[in-house]
Each structure stands twice: as structure tokens, then as C-alpha cells.
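**Q** My questions will all concern the structure given below.
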Amino acid sequence: MTLADVLLLAFGLLALGAALAVVTTRRIVRAGLWLAVAFAGIAGAALVLTAEFLAWVLVLVYVGAIVVLMLFATMLTKAPTDPSDDLDRARAPGAVVAAGVGLGLGAALTGAFGWTRVELDGDGGAAAIGEAVFARWVLPFEVLSLLLLAALVGAVLVSTRNGRVTKDY
């Protein structure tokens with residue numbers, strides 16, 4: 001095993017452990033923080049695979065924007081962050097469904113691609129990713145930004161009373 005293999009395994013285990021903590025924690029703020037750790041683990045794996053641009057996009061966009069937006073919206077709405085017995089559900093059916101979906105996706109991806117190596121056009125670096133994002137995927141990229149803006153505006157509106165922002169913060 002090379003050092004790259006060990007680092008990839010370590011980052012993969014970090015991302016997997018943090019993802020499990022996201023779905024098992026009973027506090028929403030802690031779930032958001034564990035989500036940031038999971039994204040950081042995925043970014044570390046991307047760095048090991050020499051995809052530096054992808055790693056920094058993960059850190060800047062996902063950790064720096066989406067997770068912070070989730071935490072900001074949660075705190076702005078003054079939603080209760082403590083565990084609630086009213087919202088607790090049985091975990092066994094959810095675990096069975098999650099395992100089934102994970103195995104199904106794994107089987108589908110393995111059946112579709114196997115262990116073949118996919119070569120990227122050009123050098124596969126930042127230029128190829130930028131070309132893909134801003135040439136073919138520009139509309140979904142912009143729709144996602146509008147969706148995030150709508151979520152932020154919705155959080156501000158939910159946190160107001162009679163059109164005025166509360167001052168008890």
C-alpha cells in the first residue's frame with residue numbers, strides 16, 4: 001500500500017464517519033457541522049487524487065456556502081435545535097431502506113462502468129471542468145443559485161413578525 005492509498009482510505013473513513021454522524025445526531029446544528037466535516041473528507045480525497053480544483057470547489061461551495069447557509073437559516077429562524085420526542089421515528093425501516101438504496105446504487109454503477117478507467121478530454125484539469133460547468137451545465141448552475149437565494153429569503157421572511165425583524169437577538 002502506498003501513502004496515497006492510506007490517505008485515500010483515511011479521508012474516505014473520515015467522510016463516511018462524519019456522514020453517519022450527520023444522520024444519527026439528534027441536534028440540527030451538530031448535523032450541519034458534521035456535514036462540513038464530511039465535505040472536508042471528500043475534499044481531502046480529491047486532493048489525494050490530484051483534483052485540486054475539485055477539492056477547493058468542494059471546500060468553497062459546499063462547506064463555505066451551503067453548510068453555512070443551512071446553519072445561518074436555522075439560527076435566523078430561531079427554530080428549536082433541541083431533540084424533540086414528537087419527531088422521533090423508528091430507525092430500523094430507515095436503515096433498511098438506506099442499505100437497499102446504497103446496495104442498489106453500487107450494483108447499478110458497478111454494472112454500468114465496472115472497473116474501467118475513464119479518460120477525460122484534454123488534461124482533465126480546471127480548464128476541462130470549467131468548460132463542462134460553464135458550457136453545458138450553466139443553466140442548472142444558475143437555477144441552483146436561485147434556489148439558494150430563495151431559501152435565504154424564505155428564512156428571513158419566516159424569522160420576521162408582521163414584516164419587521166425581531167430585535168431580541
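Each reported figure results from applying straightforward, stated rules to the coordinates on display, with no laboratory input. On a predicted model such as this, the values are computed, not experimentally measured, just so you know. Every residue, glycine as well, gets a Cβ built from its backbone with ideal geometry; the counts of neighbours run over all protein chains shown.
**Q** Can you work out the FRET efficiency for the pair Val156 and Arg27, with r the C-beta to C-beta distance and R0 = 25 Å, to the nearest 0.05?
**A** Once rounded, the FRET efficiency stands at 0.60.
**Q** Follow-up. Please work out the C-alpha center-to-center distance from segment 127-150 to segment 26-67 and express it in whole Å.
**A** What the calculation gives is 19 Å, centre to centre.
**Q** Measuring from label point to label point, each 7 Å out along Cα→Cβ, what is the Ile129 to Ala107 span in nm?
**A** Here the answer is 3.3 nm between the modelled labels.
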